[in-house]
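The values are calculated or read from the model by the stated rules, or taken from the named source; none is laboratory data. What you see is a predicted model; the values in this text were computed from it and never measured. Virtual Cβ from ideal backbone geometry, glycine too; neighbours counted across all protein chains shown. The accessibility values were calculated without ligands, DNA or RNA, using every heavy atom of the protein model including side chains. Shrake-Rupley method; radii C 1.70, N 1.55, O 1.52, S 1.80 Å.
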Protein chains: 2
Amino acid sequence: MKARVFVTLKPGVLDPQGKAIHHALEGLGFSGVQDVRAGKLIELELADGTSDIAIEDMCRKLLANTVIENFRIERLETAA
Amino acid sequence: MKARVFVTLKPGVLDPQGKAIHHALEGLGFSGVQDVRAGKLIELELADGTSDIAIEDMCRKLLANTVIENFRIERLETAA
């Protein structure tokens, strides 16, 4: 099965990468961009039957820094 | 309106970051992880009425390197 983990900075945490992208978009002439936040997307190919709890555990222990980041898990195929 | 852009490496492109995450997950004792691919998630806060074509243009010109990366756009709120 596949799972996707979306890791985003919590609101209020400074995001220099997002700021740089925002600035670059304006420099390229794109108007109407009000804010940009950069995050991570991690695609996992897991053994069938991997539990949601196991995936959440991976996020808490490695994939996300829960002090400054939120994470969201999306399962693409459910276990048989 | 908000839009999310998901940038992922094309299949076949080497992903050292994903490999490192995979290795670290195994080191932490998580079994059953078959593959990990790392990508980017960019959240845009845009003026209402920004067209899909404009967002796609941003992706092609700045957010994604279309030689090695695919991108997918998700609009969260449609223009009024």
What are the residues in the stretch B:19-48 that are more than 13 Å from the chain's Cα centre (by Cα) and under 22 Å from A:Gly18 (Cβ atoms), if any? B:Ile21, B:Glu45, B:Leu46, B:Ala47, B:Asp48
Every residue from the stretch B:31-53 that is touching a strand residue (DSSP E or B) at 6+ places or on another chain (Cβ under 9 Å) and assigned to a loop (DSSP other than H, G, I, E, B): B:Gly32, B:Ala47, B:Thr50
Quick one: is A:Ala54 in contact (Cβ under 8 Å) with a residue 40 or more places away in the chain and either farther than 25 Å from B:Phe71 by Cβ or open to solvent by less than 50 Å² (accessible area, probe 1.4 Å) (or both)? no
I'd like the residue in the stretch B:57-68 that is hydrophobic (A, V, I, L, M, F, W, C) and assigned to a loop (DSSP other than H, G, I, E, B) and, out of all such residues, is least open to solvent (accessible area, probe 1.4 Å). B:Ala64
How many residues, within the stretch A:21-46, are more than 7 Å from every other protein chain (Cβ to nearest Cβ) and acidic (Asp, Glu)? 1
Exclusive hit being more than 21 Å from B:Ala24 (Cβ to Cβ) and in contact (Cβ under 8 Å) with a residue 40 or more places away in the chain, set A:Asp35, A:Asp48, A:Asp15: A:Asp48
Test: A:Phe6 is over 20 Å from B:Lys19 (Cα atoms), within 11 Å of chain B (Cβ to nearest Cβ) and open to solvent by less than 80 Å² (accessible area, probe 1.4 Å): no
With the structure loaded, tell me whether A:Val36 is modelled with pLDDT of 95 or more and in contact with a helix residue (DSSP H, G or I) (Cβ under 6 Å, 6 or more places away or on another chain) or whether it fails that test. yes
Check whether at least one residue in the stretch A:23-32 is surrounded by 19 or more Cβ atoms within 10 Å (Cβ to Cβ) and either acidic (Asp, Glu) or closer than 24 Å to B:Ile73 by Cβ (or both), and report yes or no. yes
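Residues are listed down the side, and each one gets a yes or a no for (1) touching a Gly at 6+ places or on another chain (Cβ under 8 Å); (2) more than 26 Å from A:Ala54 (Cβ to Cβ):
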residue	(1), (2)
B:Val5	no, yes
B:Leu25	no, no
B:Ile42	yes, yes
B:Ala47	yes, yes
B:Ile55	no, yes
B:Arg60	no, yes
Tally, over the stretch A:69-80, of residues that are hydrophobic (A, V, I, L, M, F, W, C) and in a strand (DSSP E or B): 2
Anything in the stretch B:22-69 that is farther than 28 Å from A:Met58 by Cβ and of a type in the set (Ser, Thr, Tyr)? List them, or say none. B:Thr50, B:Ser51, B:Thr66
Please verify whether the stretch B:48-70 includes one or more residues that are at pLDDT below 95, touching an Asp or Glu at 6+ places or on another chain (Cβ under 8 Å) and more than 7 Å from chain A (Cβ to nearest Cβ). no
